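What follows is a set of notes on a single structure, which appears directly below.
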Amino acid sequence: MVSTEIENEKHPDLVQVLTDEKDISLDEYYDYDDPRNYSTNYTDDHNPRGLRRPTDHESKTLRRVIGNIRYSTFILCVCEFAERASYYSTTGILTNYIQRRIDPNSPHGWGAPPPGNPDASAGALGRGLQTASALTNLLTFLAYVFPLLGGYYGDSTIGRWKAIQWGVFFGFVGHLFFIFASIPQAIEHSGAGLGLCIIAIITLSAGTGFIKPNLLPLLLDQYPEDTDVVKVLPSGEKIILDREKTLSRLTNVFYLAINLGAFLQIATSYCERRVGFWLAFFVPMILYIIMPIFLFIVKPKLKIKPPESQVMPTVLKIISVVFSGNFFKRIWNGTFWEYAKPSNMRERGREFYNTKKKSPITWNDQWVLDIKQTFDSCKIFIYYIVFNLADSGLGSVETSLIGAMKLDGVPNDLFNNFNPLTIIVLIPLLEYGLYPILNRFRIEFRPIYRISFGFVVCSFSQIAGYILQKQVYEQSPCGYYATGCDQPAPITAWKATSLFILSAAGECWAYTTAYELAYTRSPPALKSLVYALFLLMSAFSAALSLAITPALKDPNLHWVFLAIGLAGFACAVVMLIQFWNLHKWMDFEFKERERLDREEEDAKKHELTSNIDHPIEAIASLK
């Protein structure tokens with residue numbers, strides 16, 4: 001029997017051929033009666049069965065909007081703000097605390113310079129520049145290595161929520177030890193102060209390592225839909241709640257919270273100078289306490305996914321299978337990962353993971369797809385080692401450039417704050433200005449476009465550094481040895497703000513999209529670990545920056561800026577070519593995951609019904 005609606009082929013939403021079993025769309029096989037095509041997270045009079053997955057035609061033609069965002073996600077952003085504000089407020093004053101010796105006339109012995117000396121800086125332990133650089137780089141390195149441990153525990157053992165709780169505890173202990181290290185007795189006996197400072201550095205970085213890889217995945221877990229869905233408005237219009245755009249909005253708000261926190265490091269700089277280090281370390285502690293309070297408030301509203309204890313053992317088994325035999329040939333012909341799928345293993349006559357021990361195959365084809373996605377996600381992260389260098393990764397070079405220019409009474413560490421300030425201003429402009437305009441004209445600013453564009457903008461910051469450094473060399477009284485010159489070049493240091501503004505703008509496209517990809521392309525059981533792997537790129541960049549810093553000397557500093565800028569441009573081009581079809585791969589991965597999930601669900605139902613003889617028992621069991 002054929003429906004009369006088939007005569008109107010210009011009505012794509014309702015044109016169907018009715019068969020004995022299900023409705024089949026003219027342009028696709030789509031079952032409008034299949035409950036698996038509906039999400040019941042939201043229902044109303046206009047969507048009585050819930051929100052439906054769109055057909056291919058609907059995906060191409062319907063208007064796309066941001067999905068509903070729960071207030072709990074914004075509370076988690078407040079928690080991230082508190083954690084980042086306390087972290088950056090502490091690290092911003094750490095160099096002065098370790099490097100400079102306290103002035104003998106410091107009031108109360110708290111480290112602040114005596115009144116009436118506007119050019120003096122705060123100091124405490126007096127351990128010198130090398131010790132200060134070593135310990136601050138240690139903090140940075142550990143803060144990006146510990147997330148591997150935090151991500152593993154969050155995914156596989158204790159879960160994301162408990163991992164965050166442990167991170168809060170470690171971070172609190174770290175801030176507490178920084179306060180202990182700032183009391184006059186600890187400053188007077190610099191050895192004791194240094195020991196307390198090292199303990200504080202390790203515990204603070206451990207706290208960061210447990211919080212950072214788990215908080216953003218927990219936040220993105222709160223969005224209830226796993227795919228795009230169609231919603232019918234009271235006006236009758238059908239719209240698509242776009243999952244990618246919604247997650248992009250959430251990551252941008254999260255990144256905005258990070259930089260709002262980073263901007264507050266100005267406060268502790270004034271605290272150390274006008275009062276002393278005890279207040280400068282106490283203020284971050286107060287900011288940090290905001291986090292556990294808000295986590296306690298939001299806990300009942302959160303959707304918390306349990307960990308999967310067999311994640312890492314299964315991952316290691318799959319990797320051992322794919323690297324067995326002639327894996328070079330499989331890499332060449334594109335069947336590298338197919339080799340580990342249980343369906344293909346059984347076709348080859350392999351019924352066990354370990355034939356000698358008769359150990360069973362404990363994974364399915366979905367697991368292999370998940371691991372493949374994880375490795376594919378990490379490929380694009382490698383480029384961020386170069387991006388981080390362009391994004392103020394060689395801060396010592398930029399600091400020396402500013403120091404060789406006219407400051408006109410402005411502290412040289414003020415200019416760094418233009419990075420978070422630019423992000424605070426730019427992200428709302430993107431979210432409520434540029435992106436809605438692009439959506440209105442149906443212009444797809446796909447993830448790989450955003451990342452490549454971010455790389456290019458950030459590379460321009462290094463080109464600007466090259467131009468400024470060249471001008472400083474040409475106009476400095478000391479010529480090409482301007483870094484140690486007593487007289488600055490007659491160029492205002494405010495021009496150097498262009499470096500921080502351009503690099504921050506690049507972050508708004510490159511970093512936020514990477515956060516989004518780390519979540520959307522990673523399998524459900526490995527999201528925290530994949531995010532931790534992305535953070536690890538910053539550790540590699542920090543190690544590379546530390547290794548090449550001793551070679552950064554006059555008269556060749558302008559070539560350093562140029563080399564990093566050109567490397568950033570090259571990465572943008574190569575990455576754009578390599579990942580040009582990233583959106584297609586992501587769409588295929590999603591559909592393949594969905595197909596395997598449905599096959600597994602159907603197999604379980606078939607197994608259940610086949611084990612029940614009486615049909616009434618089968619119906620009752622399925623219910």
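The values are calculated or read from the model by the stated rules, or taken from the named source; none is laboratory data. Everything numeric here is computed off the predicted structure, so don't read it as measured data. Cβ coordinates were reconstructed from backbone atoms using ideal geometry, including for glycine residues, and neighbour counts include every protein chain displayed.
Could you tell me which of the residues Ser545, Ser498, Ser528, Ser538 is of a type in the set (Ser, Thr, Tyr) and touching a Pro at 6+ places or on another chain (Cβ under 8 Å)? Can you show your working first?
Values: Ser545 fails: touching a Pro at 6+ places or on another chain (Cβ under 8 Å); Ser498 fails: touching a Pro at 6+ places or on another chain (Cβ under 8 Å); Ser538 fails: touching a Pro at 6+ places or on another chain (Cβ under 8 Å).
After applying the criteria, what remains is Ser528.
Here's the yes/no breakdown for (1) closer than 30 Å to Arg160 by Cα; (2) out of contact with any helix residue (DSSP H, G or I) (no Cβ under 9 Å at 6 or more places or on another chain); (3) free of Cβ contacts under 8 Å to residues at least 24 places away in the same chain:
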| site | (1), (2), (3) |
| --- | --- |
| Ser452 | no, no, no |
| Gly465 | no, no, no |
| Gln471 | no, no, yes |
| Leu499 | no, no, no |
| Ala510 | yes, no, no |
| Leu517 | yes, no, no |
| Lys527 | yes, no, no |
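Please go through the range 77-105 and pick out each residue that is of a type in the set (Gly, Ala, Ser) and either assigned to a strand (DSSP E or B) or at pLDDT below 85 (or both). Outline the logic, then answer.
We begin by selecting, within the range 77-105, every residue of a type in the set (Gly, Ala, Ser); these are 82, 85-86, 89, 92.
Within the range 77-105, Gly92 is the sole residue that qualifies.
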Practice problem: Give me a count of the residues in the range 312-326 that are in contact (Cβ under 8 Å) with a residue 40 or more places away in the chain and of a type in the set (Ser, Thr, Tyr). | Solution: 1
Quiz prompt | the range 31-45 residues that are more than 13 Å from Glu225 (Cα to Cα), paired with ones that are among the polar types (S, T, N, Q) and surrounded by 15 or more Cβ atoms within 10 Å (Cβ to Cβ) (beta carbon under 9 Å, 6 or more apart) | solution = Asp31/Asn37; Tyr32/Gln16; Tyr32/Ser25
Quiz item: Of all residues in the range 368-401, how many are at pLDDT below 80 and either aliphatic (A, V, I, L, M) or assigned to a loop (DSSP other than H, G, I, E, B) (or both)?
Solution: 4
Quiz item: With Val229, Val298 as the choices, which residue is in contact (Cβ under 8 Å) with a residue 40 or more places away in the chain, surrounded by fewer than 21 Cβ atoms within 10 Å (Cβ to Cβ) and among the aliphatic types (A, V, I, L, M)?
Solution: Val298
Practice problem: Being in contact with a helix residue (DSSP H, G or I) (Cβ under 7 Å, 6 or more places away or on another chain) and among the β-branched types (Val, Ile, Thr) is the filter here, so list the residues in the range 434-450 that pass it. | Solution: Ile448
Quiz item: Out of all the residues in the range 17-28, is one or more in contact with a strand residue (DSSP E or B) (Cβ under 7 Å, 6 or more places away or on another chain) and modelled with pLDDT of 85 or more?
Solution: no
